[in-house]
Amino acid sequence: MEKRKITLIKSQFDETIHVVDNTDVEYWLARELMPLLGYERWENFEKAIRRSMESCETSGIEVSNHFREVTKMITLGKGGKREVKDYMLTRYACYLVAQNGDPKKEEIAFAQSYFAVQTRKQELIEERIAYIERTEARGRLRESEKRLSQNIYERGVDDAGFGRIRSKGDTALFGGHTTQDMKQRLGVKDNRPLADFLPTLTIAAKNLATEMTNYNVEEKDLRGEAAITMEHVQNNSSVRSMLGERGIKPEQLPPSEDIKQLERRVKSQEKKIAEQSGRFCDTDDE
């Protein structure tokens, strides 16, 4: 997500912050938050809130500390008024709601980061969004490779053959450097997948080539290791050429942090979100 867009979305979220009187507990109203998360219908958004409340309870955290049902008056078209349901949501509650949304939506990816960062400093939000984008890309590549493995197994290629096909694809993508060569260049242990240390761009490039191979293997009903290898090599070469037109050489991109290490750090941070966001029950004791 571009920095300029992050700045714009951040300002919209900042403008909807409320603070409980005589406390420092921040909260958001669900009906104000709903459009910022890309929801159009209250019924659908309330379902996400309900799922979030269940997640909260499952985590052993008191739901009422972070979700408070309220009512508000709205003005109707002809000047009449009607009472509607709303929710006060702490930062932790908002985080859970974002976790229950579709991370492919930019608004959801932003919200997951915005509510996870205590200070909401833009650079920390940007860093976490980059992590989400990278883990999403890694997950897509994992699924694409799983599908390729199933496709070629159905067409007479065993696991060893799949390994050779994938390796030759890497060699084409990385300009003649094998998977092992790239592991050595990036300092990756032999027992770890290379993709766990690649930047998001390279992961996306590998995924595109793999999806192209899957498509043509299925459409053309390619069979046997030789035919599928040729297809996969051609697709990785095509993706490399496309990157080259923009001055990008995948083998020259620096490694990214071990994605497993990133996941551990993020999970550790998530445990602190509920503690740091404040609780509504504290305000009742005033």
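Using only the Cα atoms, what convex hull volume per residue in Å³ does the chain have?
181
Can you tell me the FRET efficiency between Arg246 and Arg4 if r is taken as the Cβ-Cβ distance and R0 is 35 Å, rounded to the nearest 0.05?
The formula returns an efficiency of 0.95 here.
Which of the peptides 11-21, 82-92 is most tightly packed, and how do the rest follow, going by the mean number of other Cβ atoms within 10 Å of each residue?
Going from most to least packed, we get 82-92, 11-21.
Given R₀ = 51 Å, what would the calculated FRET efficiency be for Glu15 paired with Asp159, taking r from the Cβ atoms and rounding to 0.05?
0.40
What's the local net charge at Asp258, with K and R +1, D and E -1, over the other residues with C-beta under 12 Å away?
+4
How large is the charge dipole for the stretch 111-168, taken about the Cα centre, if only the Cβ atoms of Lys, Arg (+1) and Asp, Glu (-1) carry charge, to the nearest 20 debye?
Using only the charged Cβ atoms, the result is roughly 100 debye.
Report the full-extension gain for the segment Arg31 to Glu57: residue separation times 0.36 nm, less the Cα-Cα distance, to one decimal in nm.
Here the answer is 7.1 nm.
Run the helix sum for the chain: -39,500 (n - 2.57) per DSSP H stretch of 4+ residues, divided by residue count, reported at 222 nm to the nearest 500 deg cm²/dmol.
-19500 deg cm²/dmol, from helical runs alone.
Straight-line reach from Lys189: which lysines fall under 16 Å, measuring Cα to Cα and dropping same-chain residues less than 8 apart?
Output for Lys189: Lys260.
What does the convex hull of the Cα atoms of the stretch 133-255 come to per residue, in Å³, rounded to a whole number?
95
If r is the Cβ-Cβ distance from Ser237 to Cys281 and R0 is 51 Å, what FRET efficiency results, to the nearest 0.05?
My answer for the efficiency is 0.25.
Taken together, the values in this text are just the output of simple stated rules run on the coordinates, not laboratory data. Just so you know, these numbers come straight off a predicted model, no measurement behind them. Don't worry about glycine lacking a Cβ; one is built from the backbone with ideal geometry, like all the others, and counts go over all protein chains shown.
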